[in-house]
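This report refers to the structure that appears directly beneath it.
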Amino acid sequence: MASDLQVATNEHFQNAEAEAFLARGAHRLLIDGHWVAAVSGDEIDVIDPATEKVVSRVAGGGSEDVDLAVIAARAAFESGPWSGMSPLERGKILRAWADLIELHLDELAYLESLDNGMTLATATGMIGDAAETVRFFAAGAEHIHGDTPQTAAGSLSYTLRDPIGVCGAIIPWNSPITNFVWKSSPILAAGNTLILKPAESTSLTAVRLGELLIEAGLPPGVINIVTGLGHLAGSAIAEHPGIDKISFTGSTPTGRKILQASVSNLKRVSLELGGKSPNIVFDDADLDAAVSASLIGFVAISGQVCLAGTRLFVQRGIHDRFVEAMVAAVSQLSVGDPFDPGTAVGPLASQQQFEKVSGYLALGKDEGAVVAVGGEATGGSGYYVQPTVFTGVHNNMRIAREEIFGPVLSVIAFDDEEEAIRLANDTEYGLAAAVWTKDLRRAHTVAKSIKAGTVWINNYFQLDPRMPFGGFKQSGVGRDFGLDWYHSVTEPKSVFVTL
Ligand code: NAI
Ligand code: MG
């Protein structure tokens, strides 16, 4: 039992189911429908980033566990309890999972906040969205289809969309439930089987989502969940010759390693990587709307969002007014306990991330940027930093070029449209961008000129599974979502028939 674990009863929020889940002791791997310890017996501490206390443990899986998971996933794929099921039946099981996610929303939100540090309100909203995303793919299973092009006379030709086979998914810690759902739902909806590895710093909700999938009726071996470290369990998945496709979200350097490892058996690869997204505000913009959305754009989940709008380009005529309004808004944010309903910004997710972001706060000052607000880590326990706005930033400073993944905004002044586009595109990333203006011509010209997978006009962060999601340049390879979402999780097959 977990008698040495320090599960604090939270003064702001209690959830008996979550507390019972934590009190179970070390959580196990899901392999072939059974919950088992890692072959090595290793375990990893689960740390609450708000208190730095160990609140649970998960199994530390490695290559032997990945081997077992691949055997189970291959057997489940080839024997067909899932790949051979009708899309309607697969959709029913995924819908049952979505219903269970909603039924356990408070419990999941508690565990997500506890493990990741995002505010309870944020977690609650994101889990609701995740359930809807599952339903999109549950319905989508019924819309997977091939084509019947007209080919040579005397022949009939059609295409099929076969599931790829055994897929691997490696997900990050910034938004664990969202990432679990975004990766697993399309892969499963198309009839594939899956080995999923959550991030080592946020594995709790992955275990719970796996339990709910089994409860929803997913056959054994269709999803296998291997918690563990990146260089052990993660690299074993990336290298495994028995895995046909890998889907990864995380940093660009790790994405590069996964692409290299996939060469062994030419896995299909989807990568959703980092960003340094430009958010461009022209002097005719609705200032209030731009300030409030741009604020959320860099402080949501303490800035640990691949899409975060961390390079804010402001036209010179409104620069000072905009910065003044932004500083006022940031000053009003309350940073603290993610369970406190008054909290706007929780801690960073891990000590590693805290050290990284603290390093960039010091670097920004060294590079000559001006701290308009924030600029420090907050003292005491918990991985907290102040939301920070740097002004006087040049696009060639490291704080403007590198993904910080914390609540840190770099403000850069510009003079005209041409300069804004040039600076916005002067980055190795290309995940997202936003433009704020009332001028229709300018809005669409900028949207067309920006090299990014998603462009928002007069909003920030709108997403929809009907729209493709992914990055240009070093922000990724491939796209998730969109009306043709199943292209990335199926193999096309051309069938020619002589009549
Ligand atoms: P990471 O990319 O190394 O971790 C993401 C996932 O990859 C985790 O599940 C991890 O266990 C796994 N992993 C790590 N090394 C691996 C390997 N060699 N083979 C296979 N899997 C491996 O990111 P990390 O180190 O946790 O964070 C560092 C920085 O990466 C962050 O500060 C942020 O800038 C960026 N990042 C970006 C994300 C995004 O969504 N764009 C998400 C997470 C991190
Ligand atoms: Mg944690």
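Remarks
- Inter-probe distance in nm under a simple model that places probes 7 Å from Cα toward Cβ, at residue 64 and residue 365: 4.9
- Based on every Cα atom in the range 383-444, Rg and the maximum pairwise Cα distance Dmax equal 13.4, 44 Å.
- Our Cα-only numbers for the range 278-470 put the radius of gyration and Dmax at 15.9, 50 Å.
- Local net charge near residue 492, Cβ-Cβ under 15 Å (Lys/Arg +1, Asp/Glu -1): -1
- For residue 384, neighbours were defined as the other residues whose beta-carbon sits under 12 Å from its Cβ, and their charges (Lys and Arg +1, Asp and Glu -1) total -3.
- Put simply, the C-alpha atoms of the range 408-491 give a gyration tensor, and the ellipsoid matching it has half-axes of 26, 15, 11 Å, longest first.
- Within the accessible area of the range 278-470 (1.4 Å probe), percent carbon and sulfur: 51
- Solution diffusion estimate, µm²/s, Stokes-Einstein, the range 184-324, Kirkwood Rh from C-alpha pairs, 10 °C, viscosity 1.306 mPa s: 88
- For the range 278-470, share of DSSP beta bridges that run antiparallel, in % to the nearest 5: 15
- Taken about its Cα centre, the range 278-470 carries a charge dipole of about 380 debye when Lys and Arg each add +1 at the Cβ and Asp and Glu each add -1 at the Cβ.
- Modelled this way, with points 7 Å down the Cα-to-C-beta line, the labels at residue 483 and residue 497 are 2.7 nm from one another.
- Stokes-Einstein D in µm²/s, Kirkwood radius over Cα pairs - the range 128-178 at 20 °C with 1.002 mPa s viscosity: 145
- FRET efficiency estimate (nearest 0.05) - Cβ-Cβ, residue 352 to residue 316, R0 30 angstrom: 0.20
- Placing unit charges on the Cβ atoms only, positive for Lys and Arg and negative for Asp and Glu, gives the chain a dipole magnitude near 1360 debye about its Cα centre.
- Amide H contacts of residue 284: 438, each under 5 Å away and 5 or more positions distant or on a separate chain (H built 1.01 Å from N in the peptide plane; Pro and chain starts excluded).
- A P(r) calculated from all alpha carbon pairs of the range 436-483, with 5 Å bins opening at zero, reads 5, 19, 24, 25, 18, 8, 1 percent.
- One chain, two ends: residue 464 and residue 265. Fully extended at 0.36 nm per residue, the span grows by 68.3 nm beyond their Cα-Cα distance.
- Within the shell defined by Cβ-Cβ distances under 11 Å, the residues around residue 50 carry a net charge of -4, with Lys and Arg each +1 and Asp and Glu each -1.
- 3J(HN,Hα) couplings calculated from phi for the range 432-447 with the Karplus curve 6.51 cos²θ - 1.76 cosθ + 1.60 (θ = phi - 60°) are, in sequence order, 8, 7, 9, 9, 10, 6, 9, 8, 4, 4, 5, 4, 6, 5, 5, 4 Hz; Gly and Pro show x.
- The range 397-408 - phi-based ³J(HN,Hα) in whole Hz, Karplus 6.51/-1.76/1.60, Gly and Pro as x: 6, 5, 5, 9, 10, 9, 6, 7, 6, x, x, 10
- With θ taken as phi - 60° and the Karplus curve 6.51 cos²θ - 1.76 cosθ + 1.60 applied, the whole-hertz 3J(HN,Hα) list for the range 188-200 is 6, 4, 7, x, 7, 10, 9, 10, 10, 10, x, 6, 5 Hz, x standing for glycine and proline.
- Proximity of backbone amide H atoms, modeled 1.01 Å from N, is registered between residue 43 and 60 at under 5 Å, excluding neighbours fewer than 5 places apart on the same chain.
- Whole-number accessible area per residue in Å² for the range 278-470, which is evaluated in the context of all protein chains at 1.4 Å: 39
- Kirkwood Rh and Cα Rg combined as Rg/Rh, the range 138-258: 1.08
- Per residue Cα convex hull volume in Å³ - calculated over the chain: 147
- Taking only Cα atoms of the range 13-121, radius of gyration then Dmax in Å: 17.0, 47
- In the chain, a dipole from Cβ-located charges (positive for Lys and Arg, negative for Asp and Glu) runs towards its positive end, and of 169, 217, 61 it is 169 whose Cα lies farthest in that direction.
- Less than 5 angstrom separates the built amide H of residue 467 from those of 482, all sequence-distant by 5 or more or on a different chain.
- Positive-end residue of 159, 131, 199, charge dipole of the range 99-241 with Cβ unit charges: 159
- Adding -39500 (n - 2.57) for every DSSP H run of four residues or longer, then dividing by how many residues the chain holds, sets the calculated 222 nm ellipticity at -11500 deg cm²/dmol.
The values are calculated or read from the model by the stated rules, or taken from the named source; none is laboratory data. Small disclaimer: the values here were computed from a predicted structure and weren't measured. As a convention, Cβ positions derive from the backbone with ideal geometry for all residues, glycine included, and neighbour counts pool all protein chains shown. Heavy atoms of the whole protein, side chains included, go into the accessibility calculation; ligands, DNA and RNA do not. Shrake-Rupley method; radii C 1.70, N 1.55, O 1.52, S 1.80 Å.
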